[in-house]
1. If the requirement is being small (Gly, Ala, Ser), surrounded by 19 or more Cβ atoms within 10 Å (Cβ to Cβ), assigned to a loop (DSSP other than H, G, I, E, B) and in contact (Cβ under 8 Å) with a residue 24 or more places away in the chain, which of these qualifies: Ala161, Ala169?
2. Does Pro86 meet the test of being under 23 Å from Glu141 (Cβ atoms), in contact with a Ser or Thr (Cβ under 9 Å, 6 or more places away or on another chain) and part of a helix (DSSP H, G or I)?
3. Please go through the range 69-83 and give me each residue that is assigned to a helix (DSSP H, G or I) and surrounded by 19 or more Cβ atoms within 10 Å (Cβ to Cβ), ordered by number.
4. Cβ-Cβ below 7 Å, separation at least six or inter-chain, first residue in the range 1-20 and within 17 Å of Pro50 (Cβ to Cβ), second open to solvent by 60 Å² or more (accessible area, probe 1.4 Å) and among the acidic types (Asp, Glu): which pairs?
5. When both residues are 6+ apart or on different chains and their Cβ atoms are under 9 Å apart, which pairs have a first residue that lies in the range 30-41 and is free of Cβ contacts under 8 Å to residues at least 60 places away in the same chain and assigned to a helix (DSSP H, G or I), and a second that is surrounded by fewer than 17 Cβ atoms within 10 Å (Cβ to Cβ) and among the charged types (D, E, K, R)?
6. Is there a residue in the range 51-64 that is part of a loop (DSSP other than H, G, I, E, B), surrounded by fewer than 17 Cβ atoms within 10 Å (Cβ to Cβ) and not acidic (Asp, Glu)?
7. All but one of (1) under 27 Å from Val140 (Cβ atoms); (2) in contact with a Ser or Thr (Cβ under 7 Å, 6 or more places away or on another chain) hold for Pro60; which doesn't?
8. Does any residue in the range 209-234 that is more than 14 Å from Gln11 (Cα to Cα) come within less than 6 Å, Cβ to Cβ, of a residue that is of a type in the set (Asp, Glu) six or more places away or on a different chain, and which pairs are these?
Amino acid sequence: MAGITNVGFRQLCREQGGGIYVCEMITTVALVERNPKTLRMIAFGADEQPRSLQLYGTDPETTAAAVRIVVERDLADHIDLNFGCPVPKVTRKGGGAALPWRRRLFARLVKAAVDAAAPAGVPVTVKMRKGIDDEHLTYVEAGLAAQDAGVAAVALHGRTAAQRYSGTADWDAIATLKQALDVPVLGNGDIWEADDALRMVAHTGVDGVVVGRGCLGRPWLFADLEAAFNGRPE
């Protein structure tokens, strides 16, 4: 999360429990252009493993170039592609949560990233939303396209871009995606307590959960999650 999941906050979270803690969102253009601020944002703790980096882009060639930089400079152990951003200034330009609607572009972009990361064995995952709005749902087709491109896992936030963060996350949609894909599916949306995560897994059958706003100012949520998934009462 931009401005939030910096190296300091990730350390606080890692001290609480196991998981993959993703750095702030990095734009592919800024990385390719060697933007000094962007390069400073790609900071990981000396003992941080795995180093997980999230990229945002709208062009397959630029995305591939950015991934090659990550691979050649050994900047990260895992790359996550962000197709979940619902901010209007992003979606109006066809990016973020709106990009999967452009089906061929989405497939090309994901495959470009996977192919660029493959020589180094760096796994690529995708984070997305249900679609632009209820009339323009893309998550199943996009999930299948990402799977065909070779991603290691797909994460779904059970809201549309139009919803932003309002209403209730659609866990049924997450269950539908889980049934449609062979690769691991991760669920995201409305995980505020450890019990929410257990209920999501029971409801959807997902292979894991993704936490966003639920950890804001609450890094101890990950201690609760680890305890819950390991069956410990605390």
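The values are calculated or read from the model by the stated rules, or taken from the named source; none is laboratory data. The structure presented is a predicted model; accordingly, all values stated were derived computationally and were not measured. Here the Cβ positions follow ideal geometry from the backbone for every residue, glycine too, while neighbour counts run over all protein chains shown. Side chains are part of the model used for accessible areas, which takes the heavy atoms of the whole protein and leaves out ligands, DNA and RNA. Shrake-Rupley method; radii C 1.70, N 1.55, O 1.52, S 1.80 Å.
1. Details: Ala169 fails: in contact (Cβ under 8 Å) with a residue 24 or more places away in the chain.
Testing whether each residue is small (Gly, Ala, Ser), surrounded by 19 or more Cβ atoms within 10 Å (Cβ to Cβ), assigned to a loop (DSSP other than H, G, I, E, B) and in contact (Cβ under 8 Å) with a residue 24 or more places away in the chain leaves just Ala161.
2. Working: under 23 Å from Glu141 (Cβ atoms): yes; in contact with a Ser or Thr (Cβ under 9 Å, 6 or more places away or on another chain): yes; part of a helix (DSSP H, G or I): no.
Answer is no for this residue.
3. Our first condition is that a residue be assigned to a helix (DSSP H, G or I); within the range 69-83, this holds for 69-72.
Passing the criteria: only Val70.
4. Taking only residues 6 or more apart or on different chains, the pairs are Gly17/Glu226; Gly18/Glu226.
5. If the second residue must be surrounded by fewer than 17 Cβ atoms within 10 Å (Cβ to Cβ) and among the charged types (D, E, K, R), the pairs left are Ala30/Lys37.
6. Looking through the range 51-64, none of the residues is part of a loop (DSSP other than H, G, I, E, B), surrounded by fewer than 17 Cβ atoms within 10 Å (Cβ to Cβ) and not acidic (Asp, Glu).
7. (2)
8. Ala227/Glu234
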